[in-house]
Amino acid sequence: MDRNVPNWQGFLEHAEMTDVGLRRANNQDSFGLQMAANEADWLRRGHLFIVADGMGAHAAGELASKIAVDTVTLNYFKMPDAAPPEALRTAVTVANSKIHNTGEDNPDFKGMGTTCSALVILPRGAVGAQVGDSRLYRLRGHKFEQLSRDHSLVWEMMAQRGVSESEAFVPKNIITRSLGPSAEVLVDLEGPFPLEPGDTFLLCSDGLSGQVQDAEIGVILAALPPQEAVRVLIDIANLRGGPDNITVIVTRVAQVDPKWHHLSWSGGGGGSVHPLVWVAIGVLAMLAGLSWFGGQPWVAGVALIMSLAAVFVALMQRFSGAASGVSVGMTNLGTGPHRTYDATPSAELFNGFSQLIEPVCGTARQQKWQIDWKVFERHRTAALSAADGRDFLTAIREQCRAIMFLMQEVRQQQER
């Protein structure tokens, strides 16, 4: 195969990780992904990624987030005849019903809930679904965009009263919408967002976005491959206190074929045909055959005509469904991006990352922990040299690798 020709298997690179943080006894976050099994599924349904941040006493939040992830990933792929955006919305709605019913059936789980941020990446674009304050971002070049809207009291006050985030004197973690507490839920759809090579999408719980600034997240995504980026982002959130569970999914578009943008947004080849139509076709065809051989040609003729009419109805249902699927993807589903940040590598961002690691270095040296300081200093020296040359992208990359290495050594020290 020509390596310059995009293919479905080399379309994306991705990495995902979750961490309990430093102040929680258990992890109520869940994440999931469902990659297309073959090229046909990829063209029709794409790849699905989802993050959920559970809420509730005992194990209720943990259960709610798990139900959300399992239900959405299962049901999205069970609706091949629905357009991807509508299938995604329906899958999230089904998850809400399942969580709500579980809470109603068991007093220990009463009122449990979870956020839900889901992303579907198809060859013709990306679509997001949002409930709660977990987030969906996209990095393109040095532009870092929040594609999802927080369903939080802070954001509601900003929208209704025109105040800034600093002027809204309410806790940031009070959310106004979640899966589970109510029998019905309004699901925000965002997109479709056309893809370009290098586009990097990030899904995260507020354990990350609450501790790491948006511009910092963007520049880390620009500096590192996904596998390293998820590790460093979690390390930095923990270095800043780790007050909550932290979950991160990073996906990067490796290649794009311009022909993909012209693919239909319909489901698996068209709309669905009502099962009774197929039954009618079978019964009428059988009646036509029996009447012909039974010496009743006029009855056979009528049955044949009715059978052909039923076939016509089936074709109309099939292809009218395809047309409606296309219309779903021809208009914007939401108003995102909702915020835009400059993720240009800078001396300010580099210095912030450099200062972050100093207390850990001091503690490690004072306590005489078993740290391979040669490897750490190699990364830090490379970072300082690049900063002196004003190559801040390389400087931040090496400084992040120094952070990642030192935190790995600290975790191993704690295990020992």
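Read-outs throughout are calculated quantities, based only on the coordinates presented, and are distinct from any laboratory measurement. Everything numeric in this text was worked out from a predicted model, so none of it was measured. Here the Cβ is made from the backbone with ideal geometry for all residues, glycine too, and neighbour counts use every protein chain on show.
General observations
- Most to least packed among 210-218, 375-383, 143-151, 44-52 [average Cβ atoms within 10 Å]: 44-52, 143-151, 210-218, 375-383
- Take the Cβ atoms of D388 and H142, set R0 to 25 Å, and the FRET efficiency comes out at 0.70.
- Fluctuation leader among I403, I281, I371 - the chain, Gaussian network, Cα springs under 10 angstrom: I281
- When peptides 120-130, 68-78 are sorted by average Cβ neighbour count within 10 Å, with the highest value leading, the order is 120-130, 68-78.
- Each Lys or Arg adds one and each Asp or Glu takes one away; over the other residues whose Cβ falls under 11 Å from the Cβ of D391, this sums to 0.
- Dimensionless Rg ratio for the range 331-413, taking C-alpha atoms and the 2.2 N^0.38 Å reference: 1.42
- When the chain is treated as a Gaussian network with alpha carbon springs shorter than 10 Å, the biggest mean-square fluctuation among S307, S65, S205 belongs to S307.
- Residue of V253, V131, V230 that the Gaussian network model of the chain assigns the largest fluctuation, springs spanning Cα pairs under 10 Å: V253
- Within the range 8-264: Cβ-based charge dipole about Cα centre, in debye rounded to nearest 20 (Lys, Arg +1; Asp, Glu -1): 200
- Dipole of the chain, positive end: most advanced residue of A57, C361, L139 [Cβ charges, Cα centre]: L139
- Using a Förster distance of 60 Å, the FRET efficiency for K368-D105 (Cβ separation, nearest 0.05): 0.65
- Volume per residue of the C-alpha convex hull in the chain, rounded to whole Å³: 202
- Scaled to the globular estimate 2.2 N^0.38 Å, the Cα spread of the range 46-98, given as radius of gyration, is 1.19.
- Here r is the Cβ-Cβ distance between L74 and N38 and R0 is 22 Å; the resulting FRET efficiency, rounded to 0.05, is 0.75.
- Shown for the chain are the DSSP H helices of 30 Å or more along their axis, judged by Cα atoms, with a mean Kyte-Doolittle hydropathy of at least 0.0: 297-329.
- As a ratio to 2.2 N^0.38 Å, the alpha-carbon radius of gyration for the range 22-131 is 1.12.
- Local net charge near T340, Cβ-Cβ under 11 Å (Lys/Arg +1, Asp/Glu -1): +1
- Ellipticity estimate at 222 nm from DSSP helix runs (n ≥ 4, -39,500 (n - 2.57)) divided over the chain, nearest 500: -15500 deg cm²/dmol
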